[in-house]
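Everything on this sheet refers to the single structure shown next.
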Amino acid sequence: QVQLVESGGGLVQAGGSLRLSCAASGRIFSINGMGWYRQAPGKQRELVAALTSGGSTNYADSVKGRFTISRDNVKNTVYLQMSSLKPEDTAVYYCKYGIRDSPSKAAKDYWGQGTQVTVSS
């Protein structure tokens, strides 16, 4: 089994910064890619940032230049550094990993439990 544990959410004033972390543990053969998503009340879950196994990144237009996704391969941890936060960034943030737990199996998607980010104006 694979477990993802998120941390780092909280309440911050507009213009502030937060760093989210998501650590993967358990039966991990390889990681295909990882990403951060968010879901605001009454809205669909949306991709915020993605990082491929080759190191390529992709960001939602709304966060480009403000958010940075990175990883620590030794710790199997992905980070989301968020700066210049805006009230519209308020949402529950979820990490997602594409993980193969054995060489004979295809990758599966695993989700973190979600962490609340609230930006006050």
Assuming 0.36 nm per residue, please report the length gained on full extension of the stretch residue 120 to residue 106 beyond their Cα-Cα distance. 0.9 nm
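For the chain, calculate the relative contact order in percent as a whole number, restricting contacts to Cα pairs under 8 Å that are 6 or more residues apart.
36 percent
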How long are the semi-axes of the equivalent ellipsoid of the chain, taking √(5λ) for every eigenvalue λ of the Cα gyration tensor, in whole Å from largest down? 26, 14, 12
What number comes out for the charge environment of residue 67, summing +1 per Lys or Arg and -1 per Asp or Glu over other residues with Cβ under 15 Å away? +2
Could you give the accessible area per residue of the chain, probe 1.4 Å, as a whole number in Å²? 53 Å²
To check my understanding: the extent here is largest minus smallest coordinate of the Cα atoms along each principal axis. What are those three numbers for the stretch 31-79, in Å, largest first? 37, 20, 15
Give me the tail of P(r) for the stretch 41-112 as a percent: Cα-Cα pairs with distance above 18 Å. 46 percent
Could you give me the ³J(HN,Hα) list for the stretch 28-38, computed from phi with Karplus coefficients 6.51, -1.76, 1.60 and θ = phi - 60°, whole Hz, x at Gly and Pro? 10, 8, 7, 10, 7, x, 8, x, 10, 10, 9
Of the cross-linked pairs 43/96; 75/96; 86/108; 64/108; 43/86, which ones have a Cα-Cα span greater than 21 Å in the structure shown? 86/108; 64/108
Could you please state how large a percent of the accessible area of the stretch 22-121 is carbon and sulfur, counting protein chains only and using a 1.4 Å probe? 47 percent
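The values are calculated or read from the model by the stated rules, or taken from the named source; none is laboratory data. The structure displayed is predicted, hence computed values, not measured ones. Positions of Cβ are backbone-derived with ideal geometry, glycine not excepted, and every protein chain shown enters the neighbour counts. Keep in mind that these areas ignore ligands, DNA and RNA; they rest on the heavy atoms of the full protein, side chains included. Shrake-Rupley method; radii C 1.70, N 1.55, O 1.52, S 1.80 Å.
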